1. Could you please let me know if Ala174 is outside any loop (DSSP other than H, G, I, E, B), at pLDDT below 90 and of a type in the set (Gly, Ala, Ser)?
2. How many of the residues in the range 94-136 are at pLDDT below 90 and within 28 Å of Ala65 (Cβ to Cβ)?
3. For residues that are buried (at least 18 other Cβ atoms within 10 Å of the Cβ) and polar (S, T, N, Q), tally how many sit in the range 20-37.
4. Search the range 419-433 for residues being in a helix (DSSP H, G or I) and out of contact with any Pro (no Cβ under 9 Å at 6 or more places or on another chain), and hand back the single one that is nearest to Ile405 (Cα to Cα).
5. Exactly one of (1) surrounded by 19 or more Cβ atoms within 10 Å (Cβ to Cβ); (2) touching a residue at least 60 places away in the same chain (Cβ under 8 Å); (3) not in a strand (DSSP E or B) is unmet by His266. Its number?
6. Quick test of your reading of the structure: Asp252 fulfils all but one of (1) in contact with a strand residue (DSSP E or B) (Cβ under 9 Å, 6 or more places away or on another chain); (2) surrounded by fewer than 22 Cβ atoms within 10 Å (Cβ to Cβ); (3) closer than 20 Å to Glu398 by Cα. Name the failing condition by number.
7. Right, Ala191: modelled with pLDDT of 75 or more and surrounded by fewer than 16 Cβ atoms within 10 Å (Cβ to Cβ) or not?
8. State yes or no: is Leu413 within 27 Å of Pro227 (Cα to Cα) and aliphatic (A, V, I, L, M)?
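The values are calculated or read from the model by the stated rules, or taken from the named source; none is laboratory data. The structure presented is a predicted model; accordingly, all values stated were derived computationally and were not measured. Neighbour counts run over all protein chains shown; Cβ positions are idealised from the backbone, glycine included.
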Amino acid sequence: MHMDMPTAETRGGTSNTISRTARQLCGLALAAVVLCAYQWLELVAINSGGTAPLCNVSETVNCAAVWNSPVSVAVHHITGIPIAGWGLTWGMAVLALAVLMLMQSTPTAPAGIPIRALQLTIGVALAVCLLLLAYSIAIAVFCPTCLAFYLFVGVMTYMITRIPAGNNANWLKAAGLSAAVLIPVLAVVFAISLYSTRDSFAESTPSPQGTTSSSENPLARFLTSQPKDLQQYLSNVLAEYRHTKPGNGGVDATRVTWGDKNAPVHLVEWIEIRCSHCRDLHKNLDQLRELAPPDAWNIETRFFPLDSECNSSVQRSPGNGVSCLAAKLLICLAGDQKEDAVRAALFQNQSQLTTASIWELAGTSGIKREKLQPCIDAPATAKTLQQDIDLALQYKIEGTPLVVINGRKTVALPHMIFALIISQGRADDPGFDVLPPPEVTGKTDNQAL
């Protein structure tokens, strides 16, 4: 019997194929690393009150909604690393393994162990991507950058499975190599995650009551600690705030959800339970509550449901009753210690809310439907909600959330809110002088009627 042995030319061709594939994998892995780094930076930005990413196109095509979905939040909470951070870890590990594959591959000895390690590492990622894609389909919200990452993983899976690893490529050794690469990379990413989750305005913020020497203005110290582009934005926002005519109406003690009703800074928020920016504002205000004492400011919560069923100023309705029920439920819970927990639960699960799930989430906080339903159905509750809507229209609401501080409409930016808390509501505080001149001055549309 005659058997054809691999020739030098055949082995050389295989080696060239492996080398070419390794270089292509390096390029794709590097692209995945850049993509995940972008996702992570955008996640930090929106959770710190920044603008929405460009991939927020609609309620269905919405990166932020996927990044802050219940599963994403749970992964971040349990592991200490957001999903984008895990993608970054995977991309760096694949890049390292692809480099090893390129370095160890020769015409006589293909890089069997690195190839097997790549097949294992990429295969696991493919399974995770399929699960995440299924979850995205289930909640009917899609993230374009996530889909791009899934495409990278799919292409890399096709490429690496076509490369022979050889009979001597042991899966156990390959798993060991994957772990040896992943563990140090994971340690670095975990350290980055710990640093990034520290709030950008909390690291260097003084107490509103002052923790510095009397010769140093705490507001000025806070503002100068911020990036230059943020300082310019704050200057522009402050100029608009100063030129905004205060609206009428004082503190409604029955609607104050946090703080002393006599505090010098009175913040009124209008929220919509399905609004992702309202959820972000809720998180930021929770952080500010840890930084500033209740005698420095208070929060009055009102509602502007984007549903024509209970808000005639809105032209359309999703037809599910979620916004109207949530608003009335929280109005009925005003003054109840359980209100904050219920609202937090509703925001956390906002992408999956139904009228049934609203009652289920309220029930976990001890709310009994049979006791609260009469309040929700009462004409007085509908009247209160209409008063919220009418007041928001007086402030020329353009979208949710709407934030009004001491009667003046402003942006839902935690840095601006905290600056006014430090200054005790004084927009002319000398500490603001450290900001650059505003790029736009004069009256704006932020005027109450």
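1. Values: outside any loop (DSSP other than H, G, I, E, B): yes; at pLDDT below 90: yes; of a type in the set (Gly, Ala, Ser): yes.
So Ala174 passes the test.
2. 2
3. Going residue by residue through the range 20-37, those that are buried (at least 18 other Cβ atoms within 10 Å of the Cβ) are 21-22, 25-26, 28-29, 32-33, 35-36.
Filter once more, keeping what is polar (S, T, N, Q): 21.
Residues in the range 20-37 being buried (at least 18 other Cβ atoms within 10 Å of the Cβ) and polar (S, T, N, Q): 1 in total.
4. Among those that are in a helix (DSSP H, G or I) and out of contact with any Pro (no Cβ under 9 Å at 6 or more places or on another chain), it is Leu420.
5. With respect to (1) surrounded by 19 or more Cβ atoms within 10 Å (Cβ to Cβ); (2) touching a residue at least 60 places away in the same chain (Cβ under 8 Å); (3) not in a strand (DSSP E or B), His266 is out only on (3).
6. Asp252 satisfies all of (1) in contact with a strand residue (DSSP E or B) (Cβ under 9 Å, 6 or more places away or on another chain); (2) surrounded by fewer than 22 Cβ atoms within 10 Å (Cβ to Cβ); (3) closer than 20 Å to Glu398 by Cα except (3).
7. Working: modelled with pLDDT of 75 or more: yes; surrounded by fewer than 16 Cβ atoms within 10 Å (Cβ to Cβ): yes.
Considered against the rule, which asks whether it is modelled with pLDDT of 75 or more and surrounded by fewer than 16 Cβ atoms within 10 Å (Cβ to Cβ), Ala191 comes out as yes.
8. Values: within 27 Å of Pro227 (Cα to Cα): yes; aliphatic (A, V, I, L, M): yes.
Answer is yes for this residue.
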